[in-house]
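A short write-up of the structure that comes next.
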Amino acid sequence: MKRVMKSLKEYVDSFVMVFGIVSMVVLLFTTPTWLIWNHIISPKFEIPTFTFWEMFFTLLMFKITFPEKTIIKKDY
């Protein structure tokens, strides 16, 4: 029984850790753009504001549609 509980605790701890890391990535990825849009750009140009999740999925769509490709060409 102790072995089963220890295994279950490890699974729960792993899930909580992964969930926490994913949550922090989402916050760090979305919050700066969301705040700049809603507090600077939107009032200045009188355009609609975004909710947090609208901004997240918009940024995600842009990242998928236009991936960052850095090609360095070295001329020797």
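The values are calculated or read from the model by the stated rules, or taken from the named source; none is laboratory data. Since this is a predicted model, take the numbers as computed values, not measurements. Please note: Cβ atoms are built from the backbone with ideal geometry, for glycine as well, and neighbour counts cover all protein chains shown. Heavy atoms of the whole protein, side chains included, go into the accessibility calculation; ligands, DNA and RNA do not. Shrake-Rupley method; radii C 1.70, N 1.55, O 1.52, S 1.80 Å.
For region 30-51, a tally of residues being under 12 Å from the mean Cα position of the chain (by Cα) and open to solvent by less than 60 Å² (accessible area, probe 1.4 Å) returns 3. Here region 52-76 is the region considered, the condition is being more than 25 Å from Met24 (Cβ to Cβ) and basic (Lys, Arg), and the residue that is least open to solvent (accessible area, probe 1.4 Å) is Lys74.
Quick grid of which residues meet (1) in contact (Cβ under 8 Å) with a residue 24 or more places away in the chain; (2) in a helix (DSSP H, G or I):
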site	(1), (2)
Asp13	no, yes
Ser23	no, yes
Leu28	no, yes
Ile47	no, no
Leu59	yes, yes
Lys63	no, yes
Pro67	no, no
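Among the residues making up region 1-29, those that are open to solvent by 100 Å² or more (accessible area, probe 1.4 Å) and either at pLDDT 95 or above or not aliphatic (A, V, I, L, M) (or both) are Lys2, Arg3, Lys6, Lys9, Glu10, Tyr11, Phe15, Met17, Phe19, Met24, Leu28.
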